[in-house]
Amino acid sequence: MLCFYAQFIIIIIIIFFFFFMFKKNNKIINEGYLIYKSLLLQLTALITNAALKGKDSAALMKAIFRGSPISSTDGASRRLCVYKHCIPLCESGDLQTEVASDIIGLLMLETHVLPGPALAALASLFVDAIKVGEMGNGKSLELFPTILTALAAKEAIAYGKGELSGDEYKKQLINSLCASRWDPQCVIHLTTMFRDVPLSPEELQFLIEKVLRMFLKLDLQEIPPLIYQLLLLAAKGCKKLVLEGIIAYFREQDLHQKKESMDVEVQTIPQDQLRHVEGTAILHVVFAIRLDHELGKEFLKSLKVSQGQPLCPFSIALLLSVARIQHYQEQVFEFLKGAIIKNFKDEQFLHGSKLLQDLLPPCHSISQMILDTVKNSVFGWDHVTQSLVQLGFILMDSFGPKAGPFGKTIEAPTTAAKTPSQLACQLGGQVLLESFKMHEPIRGEILEQVLNRLVTKTASPVTHFIELLSNIVMSAPMILLESSSKVTETFDQLSFLPLSTVQGLLKAVQVIMPHFSSHFDCLIAFIIFQLDGRKSAVSGFLLLLKNFRVLGSLAPSQCSQALTSSQGFHDVLRRNSQLASSIMHTLLSQLKRYYEPEQDLLPPMKLESCISAQGDQVFLQEPLAHLFSCTVHCLLWHQSLGENARGGMDDEDDEEEDEGGFQDELHAILESVTRRMIKSELEDFELDKSADFSMTTSVGVKNSIYAVLVMGVYEVLMEYNFTIGNYSKNRFEEILELFKRYQKLTEILREKSGKGRTPHSKPPRSLLSMGFVSTLLTALFRDSAQSHEESLSVLRSSGEFMRYSVNVALQKVQQLEETGHTDGPEGQSPDKAFRYLCDITSVLMWRYTNIPSAVEDTGKKEKTQSISLLCLEVLLRVFSTVLQQYPSKVSNFLCSLDLSGEVEEEAEKDSLTEKTAFYIRQFQRSLFSQLSGSEEDFNSKEAQLLVSILSLLAGLLEPSSQQFVQFITWTVKICKETSFEDIPFSRGLLSLLFSLHVLYKSPVSVLWEMCQDIHSALGDIDEDVEVEKQSHFAVVNTKTAASTTLLVLSQVGRVLDEVDWLIAKKKGQSTSEKTASEGATQPAGQQDPVEKAVTLQLGTLLTALNELVQTALPTGACTDTLLRELGRTYSILTTLLKYVRVTYSSVKLSGSHLTPQCYCFITYVQAKIIRQTKAIPSLIYNIEQYEKFLILLSKKSKVNLMQYMKLSTSRDFRINAATLQTAMQEQQEKPEESQAPKKKRRKQ
């Protein structure tokens, strides 16, 4: 019925239209036009009513179109009226979705027949509606692509006073649309719509840039769907632009979120909401990459080449999600590994150079970004967590400690990470640990992989995995109980693992030992029967003792094996005092096996029971000295424990009497052994001077073992008698007697080992505990109590004993530096070791500063070092150990070294730089006093130690502080005024100067001056040339010039490294369109700071090298190194021409000055040496490449860059053997003529 009514209205409209066409009366025409418009309104109202009711709207519109032929003006006008009415009707939201879709679908079908003006009118309608924000629904936008497509097909469209082709008209519309303001509500609809619009690359880029700018105006929840549509749109092109825009948006959001996190009250976006949106966006991108591998390739490519835009937590998370795609897995992890290592290297470059710090901003820490990604992954990023675990293990596997010679670990396990590889390995451990803490589902997998690596990586160090396991256990101990089967399975493999792995593994899990009571019996049996006689059994057994009372279940043979670790039982007693009685009885019974009870017999020990023989080989069966040490420390600890207990309790008399019995018996044994060891001569042990101590015979091995055992017992008895002596003069006299016998045996061993071809001169480790060494040194050097003076004077009277005490301290500190622990009780405790270290340092600092080595005459007369010099050597080791093992406690360490004992509270308030500066001044005064005397009184060894200590302490100064400036000024002054001809000292002093200078400013000016001094000291390669005498630095003289040259060249190499690094940075930042010829034509005045710095560095460096190549350097290391650095210089100059602007000063310096002198220097070197060196042809090749590229640039830039270059006419530098032989014969025949300067021979 509606269709007939519509057709009726259309017929009436047509009649009125033709009627009024032939009427000339304006009034009639106006009235007719109104009637005509009224009929059109009735027609549109009819469409609206039908659409709202959802009945026959499509049929109605088909009838209208059928009654409106496009060939007639009236029909086209009526169709346009229907389009203009239906577009806002569908956009209103009043229609059902199906009705609106039917209407838009019908309009799309009829669009291609519309005339150009109608299409242009409809397109303008859409553009105007978008501009004013009337496209919120977006349903009618489905029609817009069809209109644009039909419009582009038209040949001509009226535009202003002229006309444009349909395609050009479409471009104008798109340009107008993208340049206008968009309502945020229609951005997603517009992006979706443009997927169906044919776009040129320029139009697509313009559109995508517009959409990316709209990101900041949208609500956060609208970002994921927009990203989804944008990725679909990227199928047309501009993939890199889309990905970079998405990453840049979330990078800014992360930075904004981080700033807001400091102030909770001003947060605009909740963190969890942002992370969930990021996670959804990552899923959209990964899904798009799965469907379009070109998008994935573009993603990886853009990250690899984007030097200016660093990684961020979002892009890292996106990378890790992409890594789940098998096709990209290897590429992603290789890229991340390379980026991490490069970032650590860049940070080190910046940290070590003031020049680079001034030129470039700080590096963005990728390690912190990765850790931020781990934290962000807690917000449901399950697609990231698996790759995080994989990345963590890849870093630990790739950059963990490597096995050195014979499978030994190269790096100390407790050493603070310093190298990029160590830092990367540490980062991997942090990623795994944080992932373990945050994500419960992956804990089992992480734990299983860690334990698997401990079992399978037997040929390489696993200390980093042991440390990770220990951290995991501490963070979530109960997770191991849930994985008890895996832990038990690992225990089953202990017998096949290296000792260090077993010890580390058992120590890592000892926290949860009490929870393994159900597995305890099988674990004990496993240790007893499978690891009998091995140190692994000792470690496991001692760890069990710390948590269980099980000593009675073991046979004596196993207890004997446990005694190989003297600190073992002592640690057990401290953690599990219930075992005290059992342990002491066990030690007593074990000691009696080797103790001679007859008081008149000498010696008091049965040494023959301590060794065993198998054929011609002799082995140590029982480490008797360690048994004594263990017994003494356990006895003293148990005695102190009993005294404390008696102070508060009076019960358990029977047990106290029992304990008192074995204590008295042990004291009696030790007293007897002390007395008889003093009476015993070395002949009683068959260890006199005539004894054989060679390691090639069984008798020599046996005697060597006996000697080590006896020396150890002497040391243990000295510690025992000092501890219980209560400053008794008689006790100290006995200690001195014990030491004299110890010293006598030491001298015999030293004398015997010195005669052999393969000396075994390294003394055995002292059995004195570090705590006792600290107490002994304090008593010897700082105890001023009147009541102790008489007894201490006994020990102080022996210079050898004083030196021995300091030497033992040196040995303990060295062991702590290398391994992170020391032998003896409490040696495994870092806190106790640090406390003893502070005490020892305080005493030795006081001793050195109050009694200088110059006061001591003993060290001058004898071959042995003075005590002050030994103290200084220990101090050097201590500072190195603290910086390496306790970097976080440096400030506390310096506070503990108070020399006066009165300013500690004030010192704690000072900054680290102020504390360090105080001690630097102490050592400066000592060095200055050395340099103030004559060269005959100069102690080179002491000066070297002082310079080394100053170098270590200088690293603690803040480079921007006044103290640092004062120190470097003082160092420069010393170098300029000190003229001692001492090579080791000058090398250390100049190394200190360079290490300070790179943190203050670039050292190139200093290098230039030193090169002038070296040239002046060594003379010119042309003997007829007299070099002007210059002396900027008095420390550079004829004797020290060669060693200084090597130091200078090492700094030249460092400067070249920095220049090369800067050029690489500029190369990465430069656009692909920029060519080297463009750089050649740009004026130098427009150089940026980096280019200017590179130019200045190279210019000064070229001048310095010009001095060196004219210097008569000694052949060998000096000439070879100089040739290599010259080759690098020309290689870098060539790179500079390619990627940075050409500087005419560099070309002039290299061409007119350096290059000719290089060829003269090559001739000089080849005349001095007969052997061939690879550095010469390499240098010549680099020079030729540099000249070749200059020629190419000259042609391209139309600038004559070769005007300063003098090309060599000869490249043949081979020595004429006949000429050389003749010259050598002439020198042999006329030696006296060699003193007169001769004119240098040159090749023709």
Study note, to complete from the structure: Expected unfolding gain across GLN172-SER891 under the 0.36 nm per residue rule, minus the alpha-carbon gap, is 251.9 nm
Check your understanding: Using a 1.4 Å probe, what is the accessible area per residue for region 874-996, in Å²?
Key -> 44
Review point. Cα centroids of region 945-1021 and region 789-823: how far apart, whole angstrom?
Key: 34
Study note, to complete from the structure: Taking a crude spin-label model, label points 7 Å out from Cα along the C-beta direction, the LEU1046 to ARG574 distance in nm is 4.5
Exercise for review: Treat each spin label as a single point 7 Å out from the Cα along the C-beta direction, and report the ASP1057 to ALA59 distance in nm.
Suggested key: 8.7
Practice item. Beyond 30 Å between alpha-carbons counts as too far, so tell me which of LYS1039/LYS1188; LYS297/LYS354; LYS702/LYS941; LYS1029/LYS1188; LYS915/LYS1001; LYS606/LYS689 fall in that bin. Key: LYS1039/LYS1188; LYS297/LYS354; LYS702/LYS941; LYS1029/LYS1188
**Study point:** Across LYS84/LYS240; LYS345/LYS812; LYS345/LYS1092, pairs whose alpha-carbon gap is larger than 28 Å
**Key:** LYS84/LYS240; LYS345/LYS812
Revision key, fill the gap. On the formula 1/(1 + (r/R0)^6), with r taken between the Cβ atoms of PHE379 and SER180 and R0 of 41 Å, the FRET efficiency rounded to 0.05 is 0.65
Check your understanding: When Lys and Arg each count +1 and Asp and Glu each count -1, what net charge do the other residues less than 14 Å away from GLU244, Cβ to Cβ, add up to?
Key -> +3
Review point. On full extension of the chain, what length is gained from LYS342 through GLN273, given 0.36 nm per residue of separation minus the C-alpha to C-alpha distance?
Key: 21.5 nm
Revision key, fill the gap. Once GLU733 and ALA1034 are pulled to full extension, the length gained, defined as 0.36 nm per residue separation minus their Cα-Cα distance, is 103.1 nm
Review point. Where the eigenvalues come from the Cα gyration tensor of region 165-281, what are the semi-axes √(5λ) of the equivalent ellipsoid, largest first, in whole Å?
Key: 31, 14, 12
Review point. Does anything in region 223-260 have its amide N under 14 Å from the 7 Å Cα→Cβ label point of ASP196, and if so which residues?
Key: none
Point to revise | Which listed pairs, of LYS437/LYS832; LYS258/LYS889; LYS1138/LYS1195, have C-alpha distances above 20 Å, in listed order | key: LYS437/LYS832; LYS258/LYS889
Check your understanding: Tell me, what ³J(HN,Hα) does each residue in region 373-379 have, in order and in whole Hz, if you take phi through Karplus 6.51 cos²θ - 1.76 cosθ + 1.60 with θ = phi - 60° and put x for Gly and Pro?
Key -> 4, 4, 5, 5, 5, 5, 8
Review point. Using a simple spin-label model with points 7 Å from Cα along the Cα→Cβ vector, what separation in nm is obtained for ASP692 and VAL965?
Key: 7.2
Exercise for review: Estimate the FRET efficiency between LYS1168 and ALA668 by the formula 1/(1 + (r/R0)^6), using the beta-carbon distance for r and 51 Å for R0, to the nearest 0.05.
Suggested key: 0.10
Point to revise | Theoretical FRET efficiency, 1/(1+(r/R0)^6), r = Cβ-Cβ of ASP1024 and ARG921, R0 51 Å, to 0.05 | key: 0.55
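The values are calculated or read from the model by the stated rules, or taken from the named source; none is laboratory data. Owing to the predicted nature of the structure, the values given are computational and were not obtained by experimental measurement. Note that each Cβ is placed from the backbone with ideal geometry, even for glycine, and that neighbours are counted across all protein chains shown. When the accessible area is computed, the model is the full protein with side chains, heavy atoms only, and any ligands, DNA or RNA have been set aside. Shrake-Rupley method; radii C 1.70, N 1.55, O 1.52, S 1.80 Å.
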